[in-house]
Amino acid sequence: KITFDPLPYQRKGPGTALDGGRKFDLSRFNQAYFDRLRSRVVEANERGIYVSVMLFQGFSSQRKNLGGGNPWTGHPFNVNNNINGINGDPSGNDNGEEVHSLVVPAITSLQEAYLRKVVDTLNDLDNVLYEMGGDSPVSSKNWQYYMINYLKSYEATKAKQHPVGMRYLYLGSTDDL
């Protein structure tokens, strides 16, 4: 069982998620997550440290060789973990790599809202670098380009702009970058 807390979305149910906690409400952000993010970036800034903020993680969207474990079971976009009916695995392969694609418009909208919330939380700080995703699947390249452009467009309406990048794609090559 792999869990992370806090996460960006509130867990108020009703119902129980696959990890035994309450189901996520993907329409409501968990302010504690964003408060902690901001406090840590502020603290790093006070020490002269730049922070690379990884916006999305690919770990949960692909089965791993972890003694048979599957981190997708804990993802908020797993239809069994949210009250909103959001299904991040329309292919039904129990991996959820579709959350790093543009296949499910409702998920793309949720991800755009999340990006806006992160930018609104950190925009006034000078020590921020954004990384679109860590270990996202190689199939996520177009999604990452879209999200990078979306973040840059949104941040262009703000006082400050920050570098945005992407990194190695899981099972990909440097040519993908």
Close pairs from segment 37-55: first farther than 19 Å from Pro6 by Cα, partner loosely packed, with under 12 Cβ neighbours inside 10 Å, Cβ under 8 Å, at least 6 apart: Asn45/Asp126
Matching residues in segment 44-86 (at pLDDT 90 or above and in a helix (DSSP H, G or I)) number 6
Looking only at residues in segment 13-32 that are assigned to a loop (DSSP other than H, G, I, E, B) and touching a strand residue (DSSP E or B) at 6+ places or on another chain (Cβ under 6 Å), which one is surrounded by the fewest Cβ atoms within 10 Å (Cβ to Cβ)? Gly13
Index of the failed condition, Lys152 passing every other in (1) more than 16 Å from the chain's Cα centre (by Cα); (2) not in a helix (DSSP H, G or I): (2)
Looking only at residues that are open to solvent by 20 Å² or more (accessible area, probe 1.4 Å) and within 12 Å of the chain's Cα centre (by Cα) in segment 87-115, which one is farthest from Leu26 (Cα to Cα)? Glu112
Could you grab the pairs with beta carbons closer than 8 Å, sequence gap of 6+ or different chains, first residue in segment 86-106 and touching a residue at least 60 places away in the same chain (Cβ under 8 Å), second one aliphatic (A, V, I, L, M) and part of a helix (DSSP H, G or I)? Ile86/Val79; Ile86/Ala106; Ile86/Ile107; Ile86/Leu110
Looking only at residues that are under 17 Å from Val104 (Cβ atoms), in contact with a helix residue (DSSP H, G or I) (Cβ under 7 Å, 6 or more places away or on another chain) and open to solvent by less than 40 Å² (accessible area, probe 1.4 Å) in segment 137-174, which one is modelled with the highest pLDDT? Met147
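The values are calculated or read from the model by the stated rules, or taken from the named source; none is laboratory data. Just so you know, these numbers come straight off a predicted model, no measurement behind them. As a convention, Cβ positions derive from the backbone with ideal geometry for all residues, glycine included, and neighbour counts pool all protein chains shown. Areas reflect the complete protein model, heavy atoms only, side chains present, ligands, DNA and RNA absent. Shrake-Rupley method; radii C 1.70, N 1.55, O 1.52, S 1.80 Å.
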